[in-house]
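Every read-out reported here was derived from the displayed coordinates using simple, explicitly stated rules and does not represent laboratory data. Not measured: the values here are computed from a predicted model. Every residue, glycine as well, gets a Cβ built from its backbone with ideal geometry; the counts of neighbours run over all protein chains shown.
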Amino acid sequence: MSLTSQGFEPRGTDICIRLATWMRLQQNTGPGKSLSPFPWQLILLTLSGISKSNKSVNGAQHVLSDVFCHPICGSAGERYAQLVFRSGNSASLWSLKAIYSMCQMEQEQIHSGTQFAQLCQVRSELYSSMVKNECCPSWSLGNYLAVLNNVSSCFSLTAQQVSESLGLLRFCAPYYHDGRLVASCTERSKFGRCASVPHRCKLSSIYQILHYLVDKDFLGPQTVEYKVPSLKYSTVFLPVEKGDPLMKMYLDYLEGRELTYNNTTITGMDLGIKQKLFKYYLARDSVYPVLAALALLFTIGLYLKSLFIAAMSLVAVILSLSTSYFFYKVAFRLTFFPLLNLASVLVLLGSCLNQALTFVDFWKLQLSHNPPAVPEKRMNRVLQEIGYLILVSGLTSSITFYSGYISSITAVRCYAVYLGSASLINTLFALVWLPCTLILQERYAVLSSNPVAKAAWKSCCSKYTGGFWETSSRKRCLFTLRQKLRTLGRGFSDTSNLLFLKILPCGVVKFRYIWICWFAVLAVGGTYISCVDPGMKLPTSESRTTQLFRSSHPFERYDAEYRHQFMFERMKQGEDEPMTLTLIWGVIPSDDGDHFDPKSNGSLVLDPGFNISSPQAQLWLRDLCRKIQNQSFYSPLPADQETVEDNVCFVEQLIHWVSIRRCSESEDAFSFCCNNIPFPYPPRVFEQCLSMMVAEQHAEGHSPSAGGLRFDLEGRITALVVIFKTVQLYSFNFSRMSQFYQEILSWFNGEMSKAPVGLQKGWFVSQLGLYDLQHCLSSETLEVAGFSVALTFALLLLTTWNIPLSVFVSIAVGGSVFATVGLLVLLEWQLNGVEALFISAAAGLSVDFVANYCISYSLAPHNDRLGRVAHSLKRMGCPVATGAVAYFCVGIIMLPATALLFRKLGIFLLIVKCLACGFATFFFQSLCCFFGPQKNCGRITLPSNGAFGCGTGSRQHHKKRQPVGGREPEQYELQPLACQLSDSFENSTCTSKLSNRPSVLSDDIQFCGLSPRQDYDRVSIEADSAEMCSRHLKGCNPPPALQTSSPYKENMLHPVVAPSQAASKEKVLCKKCSDEATSCHLHKRLLSCQSQSSMEGLEDSNETCLSEVEPAILVSEAVKFEEELQPGHLNGKRDTLRLSLRETVYDLASPGSSRVKTTQSEVPVILPNSKPDMPDVWIKREGKGEGGS
């Protein structure tokens, strides 16, 4: 597993390939390498010259280091640990009080620890007041001021001495800022630029203070004339090298401590342990993603009331991740595995949550039918509808996850491959483990409902007061607690039913204008914020300083704020320094390494057609010198430049070098490159003379620069590197760097088009690594998001064959994605590789919810828009909302994490899932209310045998009955009740009005009993088991139907049925166990034993289906054997129809009498008419039992 900072560099872009090739060219150049800046024959001579030169230089450095040696050991450097101080009230640190505070904090917080004494740098000899093997003092402002004023320590400084030191620094600061005062001035004070620097400014302490210890604005060009300049920040370099040994010292003495003394605070650190500390925090904070995963599993178990399904979900996720890892490593042969790939666990758990909730809800919906069908037929129908939904949603999510493959960021591509594969495998597993789990659970419930198990609990319903629950106070408390929990659960279920079955559909439809406008504004605003202004904040540093902790962490503050405040860091990064342009010929820019492995860099490829010795090439290279110098971006070298860094005009240098060489007439001028040979030279002479000039310059002591020629082992010229400075200053500003790059690219391409053969494959590089990263993140992130939305449309079109629904889903997903990005912009997230990885997965995370609604809408048994919208909301509203709430809890759980990776992951999941729920529930459904397809509108139907057409109504995906006896199956539809929506949708969805759907009056309708969800538990608890079983096994005789007045008016003819004495007595005897749901019917028992969700036992209130269409409502005889259909008399087809009533039906029995177990045969069942002035249908109950309900 790789660190977070690895793999977030661009790979495969033009700039990236060129930078990698330039790096490999430098790595392959030098002694013992395949290339050399000198001819191979002169390498030994060159090395000997260098060794002699180094001896003299080292000797001088040794003498000067002794001369300038102070009690401070050596000089500060980047390899030492650094602390940044600032004043708490924004006052200046250049005061005696602040200097004392810094020295005191350093002494108490750092030097007093035992770890510091073991790690600090010590002097190996006695010097002045320092004792041998004592820790060296820190390189701090107070200690350097003590050296300047010849005092023992910073605590001995006086205000006068501090003021005098300020005057000296004010005098010397201009020499430092204009580049004349450099580190070498302490050693070579009379040479080059140092010659004009005053002698008192050449002290090492002056340079160290200005270069390392004070911020760039202190005594800068704009503030040097201030009477009292402000010192905002000051750095202290500890005499301890950066690295892992400082880890323990940080955890023991710095982490979580109060780092303030006298209003002076340590606000930033660079100890070189950022990556190691990140690993430590990852291990410590791993409890938060574990809790988040448990929260998702707890949601599954609580919603379905089944720990078994929750456990199976976890097993399915583990198997999916393991299988995906196998394909990742073995099939795809990917070696780099980013740490963020583990975020797939939470994504897959959320996917399992969505799949389990929708699947089990529909399974229970089939169980609620009276009587239910056999398990095989129930599972067949569940797989046809919900299996189709899971397959469409899973495939769409997987393909959108794969869209991150087009990114140039290695970690994003690896994450796309792994998560896409895991999501696809998880979808296929769900179609296997969910049906198997439910079947196993049903069989276990059947076994647990045997008479032996019932007898074991018979004492629960005891006549005596000293029953099972009365034997001890603990049992009574447990019983009371259980009763209260059941009451709370019922209340929650009723509230959920009211919310998702009535309020939500009514609210979506009634306020659809508001929802469309609101979410459209949200989507457009998010798109504008993320793409136009202000846009995602681009990174300002390379990937090695990727943010790993909170912004307030001292390590992050140093990288983000203070690193750019000190001159030594700015010079190292090249900030405000002229950019260098490098032109290269002879090497082909290529990256033949593994683009999925950041450590695989490929090999150096030379250009076999490279040739600079032809006459045309010589003339073109000579003219190139003048063309470059005439460009506006060229920066000429200053006159006092000591080293030769500009080799643009190396051909003119060669001409001048040959012209000044003199040889005798007897010597061959072409062999010795002398006597002003006419230009252009013959190819062989040109190469020979150029090699001799390079060898002579090296022999004279000129240090080799990055530019120049490259020779192979045989001394042939294989490459040419031309380097010069430009007027463009290095900047983090993307638009400024983009303008510079485009200018250079346009000019260079124009010159290459005119180059002779052998020089046409040239290319250039510069300090463009950060610009390339910014360009990839700014452009490719939005490209990946847009491409994923396009893939969403394509996949849904291929799976649903419905153009309008596919378009609406794509709009909803796109709005959710761009609204998410807009919110991340408002949260001031910086667009680094981690954020780009999250955004690439946003579409895949958003498509689940809207796909649920889309498929449910397309499978709705209605031909009108509003009916389909109501159907999909009632079916999928609760699972979608539950998934969004679960991810909201995941985001809250991960907020306390110290590792920023976990915090950002939690925030992103919270935002994207909540927005996806909103866009799916309100925006997509509102679009369907206006423009949703009706019947088969918008469906692509191919001219075939009907495989792509519709079946009955819009149930085209339901399995049709096989023909019997060579005839087509007969299908019937009761037109007024089947799939007809009233003229006013509100009348059929709102709780304040009765159903507005027309009723049917027919003597041939058979009433087989109803099972509303809110009465299901009541029936299962109070019904007599033997009578119920026998009643379900019998057929239902057709009762007579009679017309009467509408129930909108009070019915005075309603008979009052009083409970019988036997029923009252039995109710008293079993009062203590009345909450135990028991039913004699096998499937009633199963349903009461299984988990019940808020969608349990509900079929859409707008559905009225026939027995020929829905086999789940067949009687037991028809379940066992499907007889051949015989023509009847009704409508010329059949003499009898069986109708399952799922509309709102009013039982005239009073609430008090509804629980009575005695006869209700005298109480009719009323089917209300849609019009108040029309009579309703009263169906008289028949039978000696309870009335057939």
The correct pair for region 305-444, radius of gyration to one decimal and Dmax as a whole number, both in Å and from Cα atoms, is 16.9, 58
Given q = 0.08, 0.12, 0.13, 0.18 Å⁻¹, what are the Debye log10 I(q)/I(0) values for region 68-272, with equal point scatterers placed on the Cα positions and solvent ignored?
-> -0.27, -0.62, -0.73, -1.36
From the backbone phi of region 323-340, what are the Karplus-calculated ³J(HN,Hα) couplings (6.51 cos²θ - 1.76 cosθ + 1.60, θ = phi - 60°) in whole Hz, Gly and Pro given as x?
-> 5, 5, 5, 4, 5, 4, 8, 8, 6, 8, 6, 9, 9, 8, 10, x, 4, 5
Surpassing 18 Å at the alpha-carbon level, of the pairs LYS537/LYS913; LYS502/LYS913; LYS537/LYS904; LYS502/LYS874; LYS627/LYS725, are LYS537/LYS913; LYS502/LYS913
Just how far, in whole angstrom, is region 713-734 from region 231-249 if you go by their alpha carbon centroids?
-> 35
Please list the radius of gyration and Dmax for region 524-587, considering alpha-carbon atoms only, with Å as the unit.
-> 17.0, 50
Within a Cβ distance under 13 Å of ILE907, other residues only, what is the Lys/Arg minus Asp/Glu net charge?
-> +2
Before anything else, pin down the relative contact order of region 68-272: Cα pairs under 8 Å, at least 6 apart, normalised by residue count, whole percent.
-> 40
In sequence order, calculated HN-Hα J values of region 616-632 (Karplus, 6.51, -1.76, 1.60; Hz; x Gly/Pro) = 5, 5, 5, 5, 5, 5, 5, 5, 4, 4, 5, 5, 5, 5, 8, 6, 5
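Going by how many other beta carbons lie within 10 Å of each one, how would you line up PHE748, PHE568, fewest first?
Working: PHE748 15, PHE568 18.
Fewest-to-most ranking of PHE748, PHE568: PHE748, PHE568.
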